[in-house]
Amino acid sequence: RGCTWVEMVKAYYEQCEGLMAGGVDLFLLETIFDTLNAKAALFAIDKFFADKKCRIPVFVSGTIVDNSGRTLSGQTNEAFWNSLAHSKPLAIGLNCALGADDMKPYVENLSSCADCYVFCYPN
């Protein structure tokens, strides 16, 4: 990695400040293929919420890169969810790489293990 955990958290925290100042209604962590980056973002978001005494919905969207059903870093849907579930997003979903028909089994699988809303937007 070309940056540290602290640098990632700082960058995501600054993005939270700017987005909230701009009036966003929710945070969307999108096209996640490196779960460690997502964990840094979620850590920053949770810190931001605690510091500012506010909260808005958080959505997390991962990327399944091919019909192996894994993220670019090799995680399955279940591993992706288990890595991020502690952050209690309002919704978790999948995007990119596959068309709607090919994504269906992975969305169904994610839906069976996640305890929040599940979404999909294939490209």
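The values are calculated or read from the model by the stated rules, or taken from the named source; none is laboratory data. Keep in mind the model is a prediction, meaning the values are calculated, not measured. Every residue, glycine as well, gets a Cβ built from its backbone with ideal geometry; the counts of neighbours run over all protein chains shown.
Candidates 84, 90: the one that is in contact (Cβ under 8 Å) with a residue 40 or more places away in the chain, in contact with a helix residue (DSSP H, G or I) (Cβ under 7 Å, 6 or more places away or on another chain) and of a type in the set (A, V, I, L, M) is 84. For the stretch 1-52, the candidate set comprises residues that are farther than 21 Å from residue 74 by Cα and under 10 Å from the mean Cα position of the chain (by Cα); within that set, the residue that is modelled with the lowest pLDDT is 28.
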